[in-house]
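*Asks:* Quick one: the structure is below, and I'll ask about it shortly.
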Amino acid sequence: MSTPANPPFSIAAAYLGPVFSLNGELTKNAQNLVFARNGTGKSFLSRAFRYLDIYGQGGPIHSAPLNLVSDESPDGKAEFLFGRDTNVMGSLKVDKTSDEAIAQVNNTIFHVFSEDFVQEELREQQYSLNGEIENQITVDSGNIQLKDAKDALTKAVSAEKSALEALRVDFDKEKLTQLIDKAGVRKQLKEYSSLNFDGLLTTYLEKPEAPEKTFAAILKDLDALKSIPAEPLYPEALNSIGLEDLNLAALANSLYKITSPSSVSESLKQKIETHRDFYKTGVEIIDHKHLNSCPFCEQSIAAPDPRAIIDAYVEYFSDEEAKHKTELHSFYRALSFKEKQLSETETQLTRQKSRYDALKVYLPSMKYTSLADSADVIKLAVETISSIKSVIDSKAKNLGVVASLPKDKLGARIDALNQAIEDNNTSVETLARAVAKSDDERKKSQRQACSVFAQEFAISHWPDIEAFRKLANDKRDKATALVALEKSSPSTDARVRVADTFELLLKDFFGEKYIFDKDSFVLKRGAHEMVRGPHRTLSDGEKTAIAFCYFVACVHRKVKANSDYRRLFLVFDDPVTSMSYDFVFGIAQTLKNLNISNRGEVSLNSGLINGNSHRRPDLLVLTHSSYFFNISVTNKVVEENAAFALHSEKGNHKISRLKKYVAPFQEQLKDIYEVANGRDPDHTTANAIRSVLEAVGRFCRPDKSESLTVFVQHLAAADGITVKSVLINSLCHGTYYDEKPLPDDLKLACTETLKVVKKYAEGQLEVIKGIALQS
């Protein structure tokens, strides 16, 4: 079933200032625009709306009779009514005689921008904004979503907390049992005291691999450390093998040397060589001690036969052959001693290794170390010595043949053996130190036990940890969803909404020139406060723009629930008064793009407007500015058929559609021309003078028209034309004055105004003369 179309808006008034009778109709559109020349009564209509606004907010309206009722009212009464068809949105009845005001507002929240609003809310406060806004806005159905989201988050937090607490209890319990009771870890150990389940979660984001060394293996190490003997049997360090007693270079020379054979008989040589040392020793004793008897058998050697034999022995050992063989024999003996030394070293190395292996098992850091096995190195050294000895034997039997040492270098073999001995001695020393510092070894194992405990706990409890992390992620997601929902839902605090909206509009109008401190509710110029105050710092145009922004932001002060935003009806009475043309287009664009969501979000993004969740507010714009009116129509602030003119016709006011641009300058100039030429002035004359002078100044001398007062001063100084500026502002915006300007003063002001037009825009004056003649 289709929704019935809304009837048009209607507006009626009787004896409301200069509006003696009005019964007009606007469009059914939510936005309507009305142009009215100054003095037509526009401001009295907006003031009636303002009183409905005040009444709707519970404020006093006792001043309404004085400020609204026409002096011409026959019974001192006035009426105002606004609505749709028979549906009265707001009505006002005032009686100046009884000083009575009766208002009625039905399902509508009027919010009116006018001189009264600017005066009361900003000028009187010297543009220091009132931050004492206490009303809270009910978010209706959105509150249910927030409550559900908060409840879901509470449940998620509870589930995560329970899972985390269970894991913490298990962790702390096993930590005590495994590390304190079994591993003997002291609670003061840094690695133990810093061990906690939260740290485990941070360390292991994924399931860890099994440790290279298990906790059970570490416990075995700790048990082994406890079993170290009170007096350990340490392996001894060994001495290296030296070659200082074996001159290999001399041996090489001896092998290379050629020696001629001795004259002693071969049979005797063979006999001597069989027991060379025996015969050599005996000869040395006899020769040195001059004995007459054998040193061995003590028989006399004086007889010729024994003596001859002994002389032969002496002769043998005295010739070169014997000496050479003796030299070779000494090398042979040295090599045999080296063989014996190597054999003893091999035994010592075996004993060293045995003791090392027996002791290292007690120490975790040493149990997998070992000493070098030197058996092969010793074997090679012995084989090299045996080869050398063989060469010496061969040389001794044939001294006339050159011989050389084997290719295998004995020095290299011994060096390799000594390196192995040195390495083993270093390991032995390390083992001894480790045993002496077994307490450090124990602490090292206990530190490792702490790390491995956490790793194995993570592995064994991984399913529970994953389940906990899912709960934590669920909690995070719900918290994120709640934050997003809270961000997407405007604050229920009207003060916050006013501040946010005011900041949005300020940035749209001024960029970063003016900044609003939302906490202190202070308007700043950039990052700095205005030392002289905003009322002395801001230009008139800036003040109007800021007042407009603040007015729109104040819609939040008028509502109690999000649903109230659809009941708003905004009335703008000349939003561009005293405004630089720089801001006129900005005001028009704001009115065109302004939209409010169902949740109370104010936006200037026209792309959001859909008539449902984001809609333009109902508004009525009243203006006397033809420039603003034309911009509003051409830029579709209102639909083309929603532009009207308020005018007086034979004592009655009417609202008529305007289908073309407004050009009030000529009409106003025509009125001034007629008054200057004899017609009596009326209540619109002063405003016509002001408007014409403003137009001439801005278009012909913009350099001298910062304000109308400046232009009037320029006219007096440069052209000798004096205009009584006090007349220009009379009867503006529905304001009564105790002393009305005299007709003669108004006629004089009209004459002076025509002089200005003739000087600066004479062609306009000629056009008006032609129009006057035709009429």
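The values are calculated or read from the model by the stated rules, or taken from the named source; none is laboratory data. Small disclaimer: the values here were computed from a predicted structure and weren't measured. Cβ placement follows ideal geometry from the backbone for every residue including glycine, while neighbour counts extend to all protein chains displayed.
*Asks:* Among Thr430, Thr480, which is the only one that is outside the structural domain of Lys560 (by TED's automatic domain parsing), in a helix (DSSP H, G or I), closer than 30 Å to Gly600 by Cβ and polar (S, T, N, Q)?
*Replies:* Only one candidate passes the filter, namely Thr480.
*Asks:* Being touching a helix residue (DSSP H, G or I) at 6+ places or on another chain (Cβ under 8 Å), in the same structural domain as Leu604 (by TED's automatic domain parsing) and touching a residue at least 60 places away in the same chain (Cβ under 8 Å) is true for just one of Val522, Val498. Which residue is that?
*Replies:* Unique residue meeting the criteria: Val498.
*Asks:* If I ask for residues that are crowded, with 19+ Cβ neighbours inside 10 Å, among the β-branched types (Val, Ile, Thr) and either closer than 14 Å to Gly90 by Cβ or not assigned by TED's automatic domain parsing to the domain that holds Ala645 (or both), which ones from the range 2-53 would you list?
*Replies:* Residue satisfying the conditions is Ile11 alone.
*Asks:* Right, next: Kindly indicate the residue of the range 530-546 that is outside any helix (DSSP H, G or I) and touching a residue at least 24 places away in the same chain (Cβ under 8 Å) and also farthest from Leu506 (Cα to Cα) among those meeting that condition.
*Replies:* Restricting to residues being outside any helix (DSSP H, G or I) and touching a residue at least 24 places away in the same chain (Cβ under 8 Å), the top hit is Gly533.
*Asks:* Name the single residue that is nearest to Thr544 (Cα to Cα) among those in the range 699-720 being buried (at least 16 other Cβ atoms within 10 Å of the Cβ) and touching a Ser or Thr at 6+ places or on another chain (Cβ under 9 Å).
*Replies:* Leu708
*Asks:* On the given criteria, is Asp116 assigned to a helix (DSSP H, G or I) and closer than 22 Å to Val571 by Cα?
*Replies:* Yes.
*Asks:* Please go through (1) aliphatic (A, V, I, L, M); (2) surrounded by fewer than 20 Cβ atoms within 10 Å (Cβ to Cβ); (3) at pLDDT 95 or above for Ile133 and return the number of the only condition it doesn't satisfy.
*Replies:* Evaluating Ile133 over (1) aliphatic (A, V, I, L, M); (2) surrounded by fewer than 20 Cβ atoms within 10 Å (Cβ to Cβ); (3) at pLDDT 95 or above leaves (3) as the failure.
*Asks:* I'd like the full set of residues that are farther than 16 Å from Leu248 by Cα, in contact with a Ser or Thr (Cβ under 8 Å, 6 or more places away or on another chain), surrounded by 12 or more Cβ atoms within 10 Å (Cβ to Cβ) and modelled with pLDDT under 90, limited to the range 388-429.
*Replies:* Result: Leu399, single match.
*Asks:* Has the range 150-167 got at least one residue that is surrounded by fewer than 13 Cβ atoms within 10 Å (Cβ to Cβ), of a type outside the set (Lys, Arg), assigned to a loop (DSSP other than H, G, I, E, B) and free of Cβ contacts under 8 Å to residues at least 24 places away in the same chain?
*Replies:* Scanning the range 150-167, I find no residue that is surrounded by fewer than 13 Cβ atoms within 10 Å (Cβ to Cβ), of a type outside the set (Lys, Arg), assigned to a loop (DSSP other than H, G, I, E, B) and free of Cβ contacts under 8 Å to residues at least 24 places away in the same chain, so the answer is no.
*Asks:* Could you tell me how many of the residues in the range 202-243 are modelled with pLDDT under 85, closer than 18 Å to Lys367 by Cα and part of a loop (DSSP other than H, G, I, E, B)?
*Replies:* The number of residues fulfilling the criteria is 4.
*Asks:* Which of the numbered conditions does Glu191 fail, given that it passes all the others? Conditions: (1) farther than 27 Å from Leu431 by Cβ; (2) under 36 Å from the mean Cα position of the chain (by Cα); (3) surrounded by 15 or more Cβ atoms within 10 Å (Cβ to Cβ).
*Replies:* The one condition Glu191 does not meet is (1).
*Asks:* Sort out which residues of the range 393-418 are part of a helix (DSSP H, G or I), closer than 20 Å to Glu339 by Cβ and without any contact (Cβ under 8 Å) to a residue 60 or more places away in the chain, and write them in order of number.
*Replies:* Scanning the range 393-418 gives Ser394, Ala412, Arg413, Asp415, Ala416.
*Asks:* Ok, one more. Which condition number in (1) at pLDDT 95 or above; (2) in contact with a Pro (Cβ under 8 Å, 6 or more places away or on another chain); (3) among the aromatic types (Phe, Trp, Tyr) is the one that Phe113 fails?
*Replies:* (1)
*Asks:* Somewhere in the range 444-457, is a residue assigned to a helix (DSSP H, G or I) and among the hydroxyl-bearing types (Ser, Thr, Tyr)?
*Replies:* yes
*Asks:* Take Asp477 and decide whether it is surrounded by fewer than 16 Cβ atoms within 10 Å (Cβ to Cβ) and closer than 28 Å to Ala527 by Cα.
*Replies:* Against the criterion (surrounded by fewer than 16 Cβ atoms within 10 Å (Cβ to Cβ) and closer than 28 Å to Ala527 by Cα), Asp477 does not qualify.
*Asks:* From the list Gly39, Gly17, pick out the single residue that is in contact with a Cys (Cβ under 9 Å, 6 or more places away or on another chain) and within 18 Å of His653 (Cα to Cα).
*Replies:* After applying the criteria, what remains is Gly39.
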